[in-house]
Amino acid sequence: MPSTLKHPGMMLGLSAAMHLLVDGLCVCCLYLMAEASCLGGLVGVFLTYNVLAFMTQPFTGMLVDRLQRRHWVLLVSLSFLALAVLAASLVVAVKTPRVGMLAVAVLLGLGNSLFHVWGGKQTVVTHGNDMPAMGVFVSTGALGLSLGVVFHSWGFLQVFLLVLCLLAMAYVNMDGRSNLSGRSNQENQSFQNVQRGAKPASRHGMGFVLLSMVALVAFVLFRSFTGEIFSSSAGVHKTQVVVLLMGAIAMLGKMAGGWLAKWFGIVPSMVVVLVLVAVCFIVGGTNLAILLTGIFMINCTMPVTLYLANMVLEGREGLAFGLLAAALIPGYLLAVN
């Protein structure tokens with residue numbers, strides 16, 4: 001799907017930077033509340049956030065697919081996140097009961113969910129179904145999470161929110177000026193199909209669509225499980241440097257995966273990647289270098305699964321992104337139990 005936008009590279013950079021800030025802001029906010037609270041049940045707060053942030057993405061994805069002026073989704077997302085930061089400061093200041101912390105988790109989760117499907121859809125709009133571009137957008141969240149965990153502070157949180165708002169304003173302004181030249185005919189047709197409730201475009205019928213999405217969702221669940229096993233290995237002491245290194249390696253893996261699949265083909269590159277993942281899984285143990293290699297390799301698959309999901313659910317990229325994101329939580333929960 002070719003784009004008529006004048007600055008797609010700059011817009012991708014802005015959305016990727018915002019992804020880093022959103023994930024960093026969310027985890028930073030949760031950690032600050034956890035440190036300031038002597039209440040029990042914090043696991044429930046973190047679980048509420050993660051379920052809302054990821055499991056709601058199929059629904060927010062369907063919403064984004066039905067909107068032609070998607071920048072409103074970004075603005076609503078930022079509003080939720082800003083309210084969450086304000087609410088978190090009040091929760092800590094007045095020592096409100098756990099219901100206040102749950103309210104913050106709900107705001108963060110909804111804001112995160114809306115942002116991710118907005119960004120996933122916008123990446124396809126500005127670059128087409130391009131694996132390297134999707135890898136760039138999804139990659140930065142991993143580093144943002146690491147930064148939020150290691151450097152969480154109120155000053156850090158406020159800087160994240162301020163820079164996020166400035167970048168969002170720049171993106172909306174740039175996107176608005178680009179829209180003066182009009183969207184591509186393919187995007188307009190796609191939008192009209194979704195508005196009419198048309199079925200996803202596929203040459204193989206709905207049976208192929210359903211089976212393909214089930215397979216992709218299952219693979220993402222496997223990726224989440226495997227990635228968490230590598231990241232939470234009991235034999236590695238999680239110093240701040242190691243946490244940052246893991247986030248950076250995961251980010252680089254997602255970026256590299258799109259280029260590898262584009263240069264060498266999806267099947268050859270993914271076969272090599274999965275073989276190396278299996279080797280790292282078997283012999284990893286407490287060896288940090290092998291675990292980091294496993295994290296890099298398993299994350300190489302992320303832009304490929306997004307590409308395939310967009311192929312299957314053509315014109316419904318928000319839904320495709322959301323379904324794969326929702327699969328991350330079951331895989332994570334299986335790994336930590």
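Scanning the range 203-229 for residues that are within 19 Å of GLY322 (Cβ to Cβ) and among the polar types (S, T, N, Q) gives SER212, SER224. Just one of the listed residues (THR239, THR286, THR226, THR301) is surrounded by 18 or more Cβ atoms within 10 Å (Cβ to Cβ), of a type outside the set (D, E, K, R) and more than 20 Å from PRO132 (Cβ to Cβ), and it is THR226.
When each of LEU74, LEU81, LEU67 is tested for being assigned to a loop (DSSP other than H, G, I, E, B) and either out of contact with any strand residue (DSSP E or B) (no Cβ under 7 Å at 6 or more places or on another chain) or within 21 Å of TYR332 (Cα to Cα) (or both), the lone residue that passes is LEU67.
Summed over the range 16-48, the residues that are buried (at least 18 other Cβ atoms within 10 Å of the Cβ), modelled with pLDDT under 95 and under 20 Å from GLY322 (Cβ atoms) give a count of 1.
Within the set of pairs 6 or more residues apart or between chains, which connect a residue that is within 11 Å of LEU32 (Cα to Cα) inside the range 141-168 to a residue that is among the hydroxyl-bearing types (Ser, Thr, Tyr) and assigned to a helix (DSSP H, G or I) with Cβ atoms less than 8 Å apart? Within 8 Å, the pairs are GLY148/TYR31; VAL149/TYR31; HIS152/TYR31; TRP154/SER89.
So which of GLN68, GLN57 is over 15 Å from CYS29 (Cβ atoms) and surrounded by 24 or more Cβ atoms within 10 Å (Cβ to Cβ)? Residue meeting the stated conditions: GLN57. Within the range 96-113, which residues are open to solvent by 20 Å² or more (accessible area, probe 1.4 Å), over 18 Å from GLY148 (Cα atoms) and either at pLDDT 95 or above or not in a loop (DSSP other than H, G, I, E, B) (or both)? Selection gives ARG98, VAL99, LEU102, ALA103, VAL106, LEU110.
Of all residue pairs spaced 6 or more apart or on separate chains, those with beta-carbon atoms under 8 Å, a first member in the range 213-232 that is of a type in the set (Asp, Glu) and a second member that is surrounded by fewer than 19 Cβ atoms within 10 Å (Cβ to Cβ) are GLU228/ALA335; GLU228/VAL336.
From the list LEU252, LEU292, LEU324, which residue is open to solvent by 40 Å² or more (accessible area, probe 1.4 Å) and in a helix (DSSP H, G or I)? Reasoning before the result, please.
Details: LEU292 fails: open to solvent by 40 Å² or more (accessible area, probe 1.4 Å); LEU324 fails: open to solvent by 40 Å² or more (accessible area, probe 1.4 Å).
Testing whether each residue is open to solvent by 40 Å² or more (accessible area, probe 1.4 Å) and in a helix (DSSP H, G or I) leaves just LEU252.
The values are calculated or read from the model by the stated rules, or taken from the named source; none is laboratory data. Remember, it's a predicted structure, so these values are computed and weren't measured experimentally. Quick reminder, even Gly has a Cβ in these numbers, built from the backbone with ideal geometry, and neighbours come from all protein chains shown. Keep in mind that these areas ignore ligands, DNA and RNA; they rest on the heavy atoms of the full protein, side chains included. Shrake-Rupley method; radii C 1.70, N 1.55, O 1.52, S 1.80 Å.
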